[in-house]
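**Q** Pasting a structure here, questions to come.
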Amino acid sequence: MFDNSTILITGGTGSFGNCFVPAILKNYNPKKVIVFSRDEMKQWEMAKDYKNEERIRFFIGDVRDKERLKRALDDVDYVVHAAATKIVPTAEYNPFECVKTNVLGAMNLIDACIDANVKKVIALSTDKASSPVNLYGATKLVSDKLFIAGNSYSRSDSTKFSVVRYGNVMGSRGSVLPFFEQTKDTGTLNITDKKMTRFMITLEQGVKLVLDAFSDMEGGEIYVKKIPSMKVTDMALAVSPDAQQKITGIRPGEKLHEQMIGSEDSYTTYLYSEYYKILPTIHEWSKDPKRIKDGKKVEPGFIYNSETNDEWLSIDELQEWLSKNKEKLGKI
C-alpha cells in the first residue's frame, strides 16, 4: 500500500511518530514521508537520525493553520493524525487551547484532506474519548465523531477516514513508568489511588494497529486494540518492590479506570482476533458487510474497561519488558 506513496503524519515528532516513521521506511518503500509538527527543536533533533535518508521531509506547521495544512498535503496519499493537546491537567486549566488543537485542528485536517484528494486518513484517539470525564477526553470524542462524519463529506471514491483508539503507551513521556523510575531512589512512589488500573500497550503495538487499520478500513470505523490491563500498584512493585507506596489522590480530570468501549457502543461493536471495531451508526454503515467482514458481534451492554478486562499483565512480565526497554523510558 505505501510503496511509492507519500505519507504525512501530523504531530510526527511525538512518541508515535518516532516509532511509525522508521517502521514505514524499513518495511515499505514510500516515495516520501512528511513529518508535520509545530516544534522546530523536536524536528531538528529527529532529523539527526535521518541525515542520509532522502525519503523523509520535515514540515513546520500547526493543525490550527488550515492554509499551512493545504500546502503540506500537496500530492499526499495517506495521513496519520497524531497531533493533539494531550496532558489531562493542562487541558483542564487551558480548555480554549485544547479545543483549538483537538477540535478545530481536526476540522481543518478533514477539509484539507478532502480538498487534496488524500486516499486514507487514520486519526489517533484515546481511551479518554469513551464516556469522557475530562476536557481532553471530550475534545477527542468530538474529534472522533468529526473524522467518522468526514466520510459523509467526502465522495464515496475519495478520502476515507477512520480512527484508532488506545490508552497510554508503556514507557512514553505521558505514562507513569518513567515517573516511577525517576523517583524510586527516594524510597517512596506516589500512587494516586490503590484501586487504579490502566491498559498496557507498546508503541510497536500501536503502530501495527494503525497499519492494520489502513489495510482493513472502508471509512468510519474505530479500531480498538485488544491489550492487557495492570494495577498501578503492581506497576510500582515492578519498578521498585521495596519502595513505600504513598496514596496522593486522583488528579483533576483523571479516571480511576480506563475505558475504550462503552456500553452504548456495544450494539455496533465487533470482535476480531487482535482488535475490536466500533462501526458508525450513521448511514446504516454498522450493517455494511464490507465493514463487518468476519467480525463477531459483542454482547449488548459490553464494556471494554481496564478494571473488568479478562487479560492482565503480570509483575514479572512488566519487569522483563522494563529490563529490555530501560533506556527508552520517558524518551518516547
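The values are calculated or read from the model by the stated rules, or taken from the named source; none is laboratory data. Since the model is a prediction, treat every value here as computed from it, not as a measurement. Here Cβ is always computed from backbone atoms with ideal geometry, including for glycine, and neighbour counts include all displayed protein chains.
**Q** If the Cβ limit is 6 Å and pairs must be 6+ apart or interchain, which residue in region 129-145 that is farther than 21 Å from LYS277 by Cβ pairs with which residue that is modelled with pLDDT under 95 and of a type in the set (Phe, Trp, Tyr)?
**A** Hits for this filter: zero, empty list.
**Q** Something else now. Take the conditions polar (S, T, N, Q), surrounded by 24 or more Cβ atoms within 10 Å (Cβ to Cβ), under 29 Å from PHE2 (Cα atoms) and over 19 Å from the mean Cα position of the chain (by Cα) and apply them to ASN102. Does it pass?
**A** no
**Q** Among the residues in region 26-39, are any in a helix (DSSP H, G or I), out of contact with any Cys (no Cβ under 8 Å at 6 or more places or on another chain) and surrounded by 17 or more Cβ atoms within 10 Å (Cβ to Cβ)?
**A** no
**Q** Counting only residues that are within 24 Å of the chain's Cα centre (by Cα), surrounded by fewer than 20 Cβ atoms within 10 Å (Cβ to Cβ) and hydrophobic (A, V, I, L, M, F, W, C), how many does region 233-262 have?
**A** Selection size over region 233-262: 2.
**Q** Also, quick follow-up: Looking only at strands (runs of 3 or more DSSP E) that fall completely inside region 229-279, which ones have 3 or more residues that are touching a residue at least 40 places away in the same chain (Cβ under 8 Å)? Walk me through how you get there before you give the answer.
**A** On the way: elements: 229-231, 244-247, 259-261, 269-271, 275-278.
Output list reads 244-247, 259-261, 275-278.
**Q** Turning to a different aspect of this structure: Tally up the residues in region 40-84 that are among the polar types (S, T, N, Q) and part of a loop (DSSP other than H, G, I, E, B), please. Lay out the reasoning, then the answer.
**A** To start, the set of residues in region 40-84 that are among the polar types (S, T, N, Q) comprises 43, 52.
Filter once more, keeping what is part of a loop (DSSP other than H, G, I, E, B): 52.
Within region 40-84, residues that are among the polar types (S, T, N, Q) and part of a loop (DSSP other than H, G, I, E, B) number 1.
**Q** Within region 68-84, is there a residue that is more than 29 Å from VAL224 (Cβ to Cβ) and within 21 Å of the chain's Cα centre (by Cα)?
**A** Within region 68-84, none of the residues are more than 29 Å from VAL224 (Cβ to Cβ) and within 21 Å of the chain's Cα centre (by Cα).
**Q** Same structure, new question: Residue by residue through region 124-175, note down the ones that are surrounded by fewer than 24 Cβ atoms within 10 Å (Cβ to Cβ), basic (Lys, Arg) and either modelled with pLDDT of 90 or more or under 26 Å from LYS328 (Cα atoms) (or both).
**A** LYS145, LYS160, ARG173
**Q** Further, regarding this structure: In the set ILE56, ILE34, which member is within 22 Å of PHE2 (Cβ to Cβ), touching a strand residue (DSSP E or B) at 6+ places or on another chain (Cβ under 7 Å) and in contact (Cβ under 8 Å) with a residue 40 or more places away in the chain? Steps first, answer last, please.
**A** Values: ILE56 fails: in contact (Cβ under 8 Å) with a residue 40 or more places away in the chain.
It is ILE34.
**Q** Name every residue in region 280-307 that is assigned to a loop (DSSP other than H, G, I, E, B), in contact (Cβ under 8 Å) with a residue 24 or more places away in the chain and among the polar types (S, T, N, Q), in order of residue number.
**A** Answer for region 280-307, where residues must be assigned to a loop (DSSP other than H, G, I, E, B), in contact (Cβ under 8 Å) with a residue 24 or more places away in the chain and among the polar types (S, T, N, Q): just SER306.
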